[in-house]
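Peer 1: Could you have a look at this structure, given as structure tokens, before my questions?
Only the coordinates and a few stated rules stand behind these numbers; no lab work does. Note that this is a predicted model, so its numbers are computed, not measured. Positions of Cβ are generated from backbone atoms using ideal geometry, with glycine treated the same way; all protein chains shown enter the neighbour counts.
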Amino acid sequence: MSDRRVVEIPPIAWQPILRGIILNTRPAKSAEAYRKVWSEDGSPLAAITKRQAEAMQGVFGEGVTVDWAMRYGEPSISDRLAALQEAGCERILLAPLYPQYCAATTATVVDKAGDWLRDQRWQPSLRTLPPYHDDPLYIDALAADIERQLGALDFNPEVLLMSFHGMPARTLELGDPYHCHCRKTARLVEERLARDGLRFRTSFQSRFGRAKWLEPATDAVLEEEARAGTRRLAIVAPGFSADCLETLEELAIQGHEQFIDAGGEQFAALSCLNTSDAGLSMLEALLKRECAGWI
């Protein structure tokens, strides 16, 4: 939370809040949340990302190595870039798996890679996977996987809520395209899945602090729908390439409680693309396209 891309508050104002309040309360809350979703493989996000990378290994030919890293945590971006360089890689495609561009996500990955590059006397060539929020490959994969999961439910949802990670509203005012990217993804998915008896809504989750955030908030929409008479609801998080704390705990557990407590009856949290057939096929196609001329 000291990343200036993530928290755009002057350090002189932010650091006392971070060190005096947040670091004395948030770690315990986060630890409890992680305990609910932790597996024998560790963090769900890291475990799924690793499996995604393993599924891509060998797809692009013998001379191509596929590796993975975490923006926050291990293995780090700098460590894996160094390992690839030591292995003789002269051309590297950096693939931030954030479909919707945001300075707090995509840009921090590029920043971190740039920090490592700056320290290298011999720098490998580097490409970056661009945002793919409206790419037909991504929309097709999302629509197919959501359709598959909806078909497996034992009830027909009245509402499909598409929940994206929230950001302070100020980021939109400063020119960040994230809100627009999320809205376009949601619109394209709705166009693909539209049917009688199913309403679509879009919301933003994970609000933090007192500043105004992108709206509507996911928790507020869940309660609003239930109190308005919606009894069957499914929620999906199109902006996450892999299930993580925000989907498994915040949506699947907290979201379920919020909807039921407000009067809802049936609730389903759909999985992210993860290592689904649709997700892996999309990933392979995106990466092959960006490696054109290299492989």
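Peer 1: Run the paramagnetic zone check for R195: 7 angstrom along Cα to Cβ, then residues of segment 263-293 with backbone nitrogen under 17 Å.
Peer 2: From segment 263-293, the list is 267-271.
Peer 1: If the label point is 7 Å along Cα→Cβ of T65, which residues in segment 93-124 have backbone nitrogen under 19 Å from it?
Peer 2: Label zone hits: 93-96, 113-114, 116-124.
Peer 1: Any idea how far the Cα center of segment 162-217 sits from the one of segment 53-126, in Å?
Peer 2: 28 Å
Peer 1: Express in nm, to one decimal, how much length is gained between I253 and T128 on full extension, taking 0.36 nm for each residue of separation and deducting their alpha carbon distance. The partial results should precede the final answer.
Peer 2: On the way: separation 125, 0.36 × 125 = 45.00 nm, distance 3.46 nm.
The span from I253 to T128 would gain 41.5 nm if fully extended.
Peer 1: Using only alpha carbon positions, build the gyration tensor of the chain, then give the equivalent ellipsoid semi-axes as the square roots of 5 times its eigenvalues, largest first, whole angstrom. Provide the component values of the computation, followed by the final result.
Peer 2: Values: eigenvalues 209, 124, 62 Å².
Each semi-axis is the square root of five times an eigenvalue, giving 32, 25, 18 Å.
Peer 1: Express the Stokes-Einstein translational diffusion coefficient of segment 136-269 in µm² s⁻¹, to the nearest whole number, given a Kirkwood radius over alpha-carbon pairs, 4 °C and a viscosity of 1.567 mPa s. Each step should come with its number before you reach the end.
Peer 2: Numbers: Rh = 15.2 Å.
Translational diffusion coefficient: 85 µm²/s.
Peer 1: For segment 188-295, give the magnitude of the charge dipole about the Cα centre (Cβ charges: +1 Lys/Arg, -1 Asp/Glu; no others), in debye to the nearest 20.
Peer 2: On the way: 12 positive and 18 negative charges, 64 e Å.
The calculated dipole for segment 188-295 is roughly 300 debye.
Peer 1: Here is a follow-up. Give a quick list of GluC sites (Glu not before Pro) in segment 59-142 that DSSP marks as loop, anything other than H, G, I, E or B, with at most 14 other Cβ atoms within 10 Å. Show your work: numbers first, answer last.
Peer 2: Numbers: sites: E62, E86, E90; in loops: E62, E90.
When the GluC sites (Glu not before Pro) of segment 59-142 are filtered for loop state and at most 14 Cβ neighbours within 10 Å, E62, E90 remain.
Peer 1: Quick one: length gained pulling A152 to E32 fully straight, 0.36 nm per residue minus the C-alpha distance?
Peer 2: Length gained, A152 through E32: 40.1 nm.
Peer 1: Please give me the summed charge of the neighbours of S276: other residues whose Cβ is under 14 Å from its Cβ, Lys and Arg +1, Asp and Glu -1.
Peer 2: Values: positive: R51, R148; negative: D140, D145, E147, D243, D277, E284.
Local net charge: -4.
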